[in-house]
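Trainee: Below you will find the structure I want to go over with you.
The values are calculated or read from the model by the stated rules, or taken from the named source; none is laboratory data. Computed from a predicted structure; not experimentally measured. FYI the Cβ positions are ideal-geometry reconstructions off the backbone, even for glycines, and counts take in every protein chain you see. Calculation scope for accessible area: heavy atoms of the full protein, side chains included, ligands and nucleic acids excluded. Shrake-Rupley method; radii C 1.70, N 1.55, O 1.52, S 1.80 Å.
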Amino acid sequence: MIISQWWWVPIFLLLVCITLALTVNAAFIYIALILIFILIPTVLMFTYFNHLATTEARIAVLQKSITIDNAGIHVNFEPIKHNDIEHPSNEKTPKPIFISRSEFKQIENMGNSIMIHLTGRKYRFISIPIDAINGNATDFLAYILQ
């Protein structure tokens, strides 16, 4: 992600603006304030929406049923119901997602959930609550680790 690699750029720009305000012209303090209150929050907003659009965020937020077999994880989403007065039957069902077993990087038992780290980006994982598992959680974890 760009933000994780270039986090120092806004801090550097702020330091440059403050230095220029102290040495050259006080008007540079306005540029520093623009950076703090307009540009940096806008970039963070787009970063938030980028993370919100990932597959893992959809799996975490939407109602679903998860099936795990030898091939991988099958995620089938339930229809999204809108509370629209004009069109009460307006439902959308997101496409199902399949995550193959080759994408599993690491599996952890977190106590209340099982976290499956996936290959790819740094923070790509799926958390499955223990309460959602039918049967014994240790048998499930042993099955996943096969």
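Trainee: Give, in nm to one decimal, the length gained when the segment between residue 142 and residue 122 is fully stretched (0.36 nm per residue of separation minus the Cα-Cα distance).
Mentor: Values: separation 20, 0.36 × 20 = 7.20 nm, distance 2.50 nm.
Extending this stretch completely gives an extra 4.7 nm.
Trainee: Find how much the distance from residue 132 to residue 42 grows on full extension, using 0.36 nm per residue of separation minus their present alpha carbon separation; answer in nm with one decimal. Walk me through the numbers on the way to the answer.
Mentor: On the way: separation 90, 0.36 × 90 = 32.40 nm, distance 3.72 nm.
So the chain would gain 28.7 nm between residue 132 and residue 42.
Trainee: Then there is this: Only Lys, Arg, Asp and Glu count, each charged at its Cβ (+1, +1, -1, -1), so figure out the dipole size of the chain about its Cα centre, rounded to 20 debye.
Mentor: Details: 10 positive and 10 negative charges, 85 e Å.
It comes to approximately 400 debye.
Trainee: Solvent-accessible area per residue for the chain at a 1.4 Å probe radius, Å²? Write out the running numbers ahead of the final one.
Mentor: Details: 10720 Å² over 146 residues.
Accessible area per residue: 73 Å².
Trainee: At a probe size of 1.4 Å, how large is the accessible area of residue 74, to the nearest 10 Å²?
Mentor: Residue 74 has an accessible surface of roughly 60 Å² with all protein chains in place.
Trainee: Now, a different point. In the neighborhood of residue 96, defined by Cβ-to-Cβ distances under 13 Å, what is the net charge if each Lys or Arg adds +1 and each Asp or Glu adds -1?
Mentor: Net charge in that neighbourhood comes out at +2.
Trainee: Report the number of Lys pairs in the chain whose alpha-carbons are under 21 Å apart, with separation of 8 or more residues or on distinct chains.
Mentor: On the way: 64/81; 64/92; 64/95; 81/92; 81/95; 105/122.
Pairs that pass both the separation and distance tests number 6.
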